[in-house]
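Q: This is the structure, below, for whatever I ask next.
Derivation of every value follows stated rules applied to the coordinates shown; laboratory data play no part. Note that this is a predicted model, so its numbers are computed, not measured. Note that we place each Cβ from the backbone using ideal geometry, even for glycine, and neighbour counts take in every protein chain shown.
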Protein chains: 2
Amino acid sequence: MAPERATAQVAVDCVVFGVQLALPDHPDADDRLMVLLVERGPAPFAGRMALPGGFVLAGEGLKAAAERELVEETGVKLTYLEQLYTFGAPARDPRGRVLSVAWMALVRPSAHQLAPDTDAADARWVPVAEAPPLAFDHDTILATALERLRGKVRWQPIGFDLLPPRFTLTWLQRLYEVILEQTFDKRNFRRKVLKTGLLVDTGDRLTGVPHKPPALYAFDRDRYERLQTSGFSFEL
Amino acid sequence: MAPERATAQVAVDCVVFGVQLALPDHPDADDRLMVLLVERGPAPFAGRMALPGGFVLAGEGLKAAAERELVEETGVKLTYLEQLYTFGAPARDPRGRVLSVAWMALVRPSAHQLAPDTDAADARWVPVAEAPPLAFDHDTILATALERLRGKVRWQPIGFDLLPPRFTLTWLQRLYEVILEQTFDKRNFRRKVLKTGLLVDTGDRLTGVPHKPPALYAFDRDRYERLQTSGFSFEL
């Protein structure tokens, strides 16, 4: 007799990162890397915090399922979504074999607003450093996403998807410091960032600050994509 | 009525890369990046070449399934295995919903030997550049693996898993040239490679070559792992 094949239900779970910076509209905020969590209603793990996600539907693609679940459960507007890893240990879900295809998403500060009329009235942003123990194997999924984000942010310009479209060099530095848990020398950081040739000085300056308002930059994605085809590598 | 959840069978498919270099035991070989393919017996796609793989069994983990399928179908000894991506388009398999959790594996030249008594008597190494159209969505899986390999080899020392444990700097350069489809300047390449501080001169020299036998180096994985914990990045 041939050995029995596994039959599985398929879930998608999303690690949505945002960065809280002391921007002009929240001048007193601490700089922090945040993750979007939901409180589970039904068993198993009722009442525990979990990554937003749910079951893939018949006929639905994996990415479409991740996007649908994020809209339903949180309403956040993503700027970046990539498949992270598939978790499939046979006993990871007490209900039976459930594969989790996990995704990593990035969200700009202006899009942190949660839609009030969603499934998960209890979706909320939590500092990554203060995340409680999560349902299922979601702690492992979160740790995997954090490693991916830290590994990738220096070699691919995904950090800009966590900032407002126009940003100061100080915000950019603080973003990298928060993600990598390192402090950078201001002059070296600026020199390195500007040397990439991928930042455009918009000519505008930050308003609403007392004196010497800093310049606002934008990331030149078109130029990055053109350069990439000729073997150029982003590096910070 | 709640929408119907997808139920899927789960497959693992493996992109196994090897590099063919003109090593002393095959001095006339061309330098080429190779991929391990199998000829399918049963329908669908009977007779077409495909990536080695198969169904995950009840109670079996995803990585264990990939390792088991590679042993059964090819017998190659892996030096590196990482999860690549999960392919789950609803119609990717004509038999019903089948998710493919794809893996990328690397194999040293000495392990290219295929086990003769396996399921797939027709497993064979094919130059990536000459791969025929593959079964299912395996062309896409192969392209995804190639992109991952090319993206990763410059920032992580996975290239050494494609070389013999002791290698000349020329072999290392040819490995990078084959993977990245670029030519490197010999002096610059050596300088950069030695500057990583991760190559150990074994003190031995290649034997069986007419004159000026080149030095044999080894990759210092212990040192790399120690440095990594302090934020060091490999770069070539």
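Q: Over the Cα atoms of chain B, what radius of gyration and what Dmax do you get, in Å?
A: That works out to 19.8, 79 Å for Rg and Dmax.
Q: Another one. For the protein assembly as shown, what does -39500 (n - 2.57) per DSSP helix run (n ≥ 4), summed and divided by total residues, give at 222 nm, in deg cm²/dmol to the nearest 500? Provide the component values of the computation, followed by the final result.
A: On the way: 10 runs with 116 residues, N = 472.
Rounded to the nearest 500, the figure is -7500 deg cm²/dmol.
Q: Another question about this same structure. How about segment B:156-190: which trypsin sites (Lys or Arg not before Pro) there lie in a loop by DSSP and see at most 16 other Cβ atoms within 10 Å?
A: Numbers: sites: B:166, B:174, B:186, B:187, B:190; in loops: B:166.
Within segment B:156-190, the qualifying trypsin sites (Lys or Arg not before Pro) (loop, at most 16 other Cβ atoms within 10 Å) are B:166.
Q: Name the long-range amide H neighbours of residue A:16: under 5 Å, sequence gap of 5 or more, or other chain; modelled H, no Pro or chain starts.
A: So residue A:16 has HN proximity to A:36, A:105.
Q: A follow-up question, please. Rounded to the nearest Å, what's the spacing between the alpha carbon centres of segment B:123-139 and segment B:67-97? Just the number, please.
A: 14
Q: While we're here: Let me see the P(r) profile for segment A:90-208: every Cα-Cα distance counted, bins of 5 Å, each bin given as a percent of all pairs.
A: Histogram of Cα-Cα distances, whole percents per bin: 2, 8, 15, 19, 17, 14, 10, 7, 4, 2, 1, 0.
Q: Still on this model: Relative to the Cα centre, what is the charge dipole magnitude of chain B, using +1 at the beta carbon of each Lys and Arg, -1 at the beta carbon of each Asp and Glu, and rounding to the nearest 20 debye? If you can, show how the numbers build up before the last one.
A: Values: 29 positive and 31 negative charges, 196 e Å.
Charge dipole of chain B: 940 debye, to the nearest 20.
Q: Taking the DSSP beta bridges in the protein assembly as shown as the whole, what percent of them are antiparallel, to the nearest 5?
A: Working: 55 of 73 bridges.
Among the beta bridges of the protein assembly as shown, antiparallel pairing accounts for roughly 75 percent.
Q: What percentages, rounded to whole numbers, describe P(r) for the protein assembly as shown computed over all alpha carbon pairs with 10 Å bin width beginning at zero?
A: The calculated distribution, bin by bin, is 4, 17, 25, 25, 19, 8, 2, 0.
Q: When the Cα centres of segment B:190-236 and segment B:37-57 are compared, how far apart do they sit, in Å?
A: 39
Q: Restricted to Cα positions, what overall size does segment B:159-228 have along the principal axes? Three whole-Å values, descending.
A: Extents along the principal axes, in whole Å: 39, 29, 21.
Q: I've got another one for you. Which of the helices in chain B, when you take each full DSSP H run, stretch at least 20 Å along the axis at their Cα atoms and have an average Kyte-Doolittle score of -0.5 or higher?
A: Qualifying helices, which must be both long enough and hydrophobic enough, are B:138-153.
Q: Most mobile of B:77, B:195, B:212 per a Gaussian network model of chain B (Cα springs, under 10 Å)?
A: With Cα springs under 10 Å in chain B, the top fluctuation among B:77, B:195, B:212 is at B:212.
Q: Taking amide hydrogens as modeled 1.01 Å from N in the peptide plane, which residues meet the under 5 Å criterion relative to residue B:5, leaving out close sequence neighbours?
A: A:58
Q: Could you grab the relative contact order for segment B:9-152? Cα pairs under 8 Å, six or more apart, rounded to a whole percent.
A: Numbers: 273 pairs, mean separation 46.4, N = 144.
Relative contact order comes out at 32 percent.
Q: Tabulate in residue order the Karplus-calculated ³J(HN,Hα) for segment A:44-60, using 6.51 cos²θ - 1.76 cosθ + 1.60 with θ = phi - 60°, rounded to whole Hz; enter x for Gly and Pro.
A: x, 6, 4, x, 7, 7, 8, 6, x, x, x, 7, 6, 8, 4, x, 9
Q: Considering only DSSP beta bridges whose two residues both sit in chain A, what percent are antiparallel, to the nearest 5? Before the final figure, lay out each step's value.
A: On the way: 25 of 34 bridges.
The antiparallel fraction comes to roughly 75 percent.
Q: List the relative contact order of segment A:159-228 as a percent without decimals, with contacts defined as Cα pairs under 8 Å and 6+ residues apart. List each step's numbers first, then the result.
A: On the way: 67 pairs, mean separation 23.9, N = 70.
Result for segment A:159-228 is 34 percent.
Q: Can you spot the aspartates and glutamates whose alpha carbon is less than 17 Å from residue A:63's alpha carbon? Ignore those fewer than 8 places along the same chain.
A: Partners found: A:13, A:72, A:73, A:82, B:137.
Q: For residue A:134, which sequence-distant residues (separation of 5 or more, or a different chain) have an amide H within less than 5 Å of its own amide H, given hydrogens modelled in the peptide plane?
A: Distant-sequence amide H within range of residue A:134: A:139.
Q: Enumerate the lysines that residue A:192 could reach by cross-link, defined here as Cα to Cα under 21 Å, with residues fewer than 8 away along the same chain left out.
A: Correct list for residue A:192: A:152, B:192, B:195.
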